[in-house]
Amino acid sequence: MQRLKLSKLVFVFLAIGLLVFFVRTYSKFSIQAPQILTDFRVSMFSRISYFGSLLAKLKNINNLAEQNQHLKDENNKLISKLAKMDNLEKENSFLREALNIPRNKDMRITDAGVFNIQFGPEGHTFLINKGSDRGIKENDIVISSSGVLVGIIVDTADNYSKAILTSDANFRVTAKILSKDISGMAQGILGDGISLELISQNDDAREGDTIVTKGNDLFLPGLILGVISKINQNDSSLFREVLVKNPLSDIDLSQVVVVGK
């Protein structure tokens, strides 16, 4: 009986101790809970603010990228306009220079660009970027802006044409020695340039003389063919072998004038 009373007494003390511990713990949690909630709200607000600031920065970066691309596009447009103006100025200068070429009122003049120049054993040819849609025809002559005879059109397409150079073996034109009453036939001989035929032994032809077109055929008079580079004497022939160096390697062939009727 005495042991039972002792057990009940121990149980009571334990219950009282647990009750006191619970009350103290609850009271402490009740005091700290508002602070924990406050800290949580502050932390969440701070994180949300940071995330919002990050989104704003990303949006600003995107806007800056778009503005930068727009500036690049505008800059490219400006460069393109300047390039066109520069090219137009060069064309105007080229055509002004080309207008000094002797011509008549029935003459058709078209400026053109040259590409794909070929120096092969089968011939010396080149292409121009104008064709039949711009009125280019076979047998139109091709001239540099400084009056050098470049070649003759032999074939045309809608937007480009093929021509042979004066050094091509199929090229022939009546020619004369400048400031002298000496005429002959100029013929292309590929690698050796041009041969001036029908120059007699008695003709006063000399190295360094300038050869120009005579104008009694399809070609305009006074177009430069080149200068005499060599004269070979042949006593067994009535005529001398006269070689003419054309100036094509010394002029700008990127742009030419095509002349036709």
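A short reminder: the numbers here are calculations on the coordinates, not readings from a lab. As the structure is a computational prediction, the values presented were derived from the model and not from experiment. Note: ideal-geometry Cβ built from the backbone for every residue, glycine included; neighbour counts use all protein chains shown.
Do any trypsin sites (Lys or Arg not before Pro) in the range 139-189 lie in a loop, going by DSSP, with at most 13 other beta-carbon atoms within 10 Å of their beta carbon, and if so which?
Working: sites: Lys162, Arg172, Lys176, Lys180; in loops: Lys180.
The qualifying sites are Lys180.
Compute the Rg to Rh ratio over the range 104-261 from the alpha carbon atoms, using the Kirkwood formula for Rh, and round to two decimal places. List each step's numbers first, then the result.
On the way: Rg = 15.7 Å, Rh = 15.9 Å.
When Rh is taken as the Kirkwood radius, the ratio is 0.99.
Which entries of Lys130/Lys180; Lys176/Lys261; Lys137/Lys176; Lys137/Lys214; Lys162/Lys214 have Cα-Cα distances beyond 31 Å here?
On the way: Lys130/Lys180 37 Å; Lys176/Lys261 23 Å; Lys137/Lys176 26 Å; Lys137/Lys214 22 Å; Lys162/Lys214 24 Å.
Checking Cα-Cα distances, Lys130/Lys180 exceed 31 Å.
Quick one: Met107, Met185, fewest Cβ neighbours within 10 Å first, how do they rank? It would help to have the intermediate numbers written out before the result.
Working: Met107 12, Met185 15.
With the sparsest Cβ surroundings first, the list reads Met107, Met185.
For the pair Arg108 and Asn139, how long in nm is the line joining their label points, each one 7 Å along Cα→Cβ?
That separation, rounded to one decimal, is 1.3 nm.
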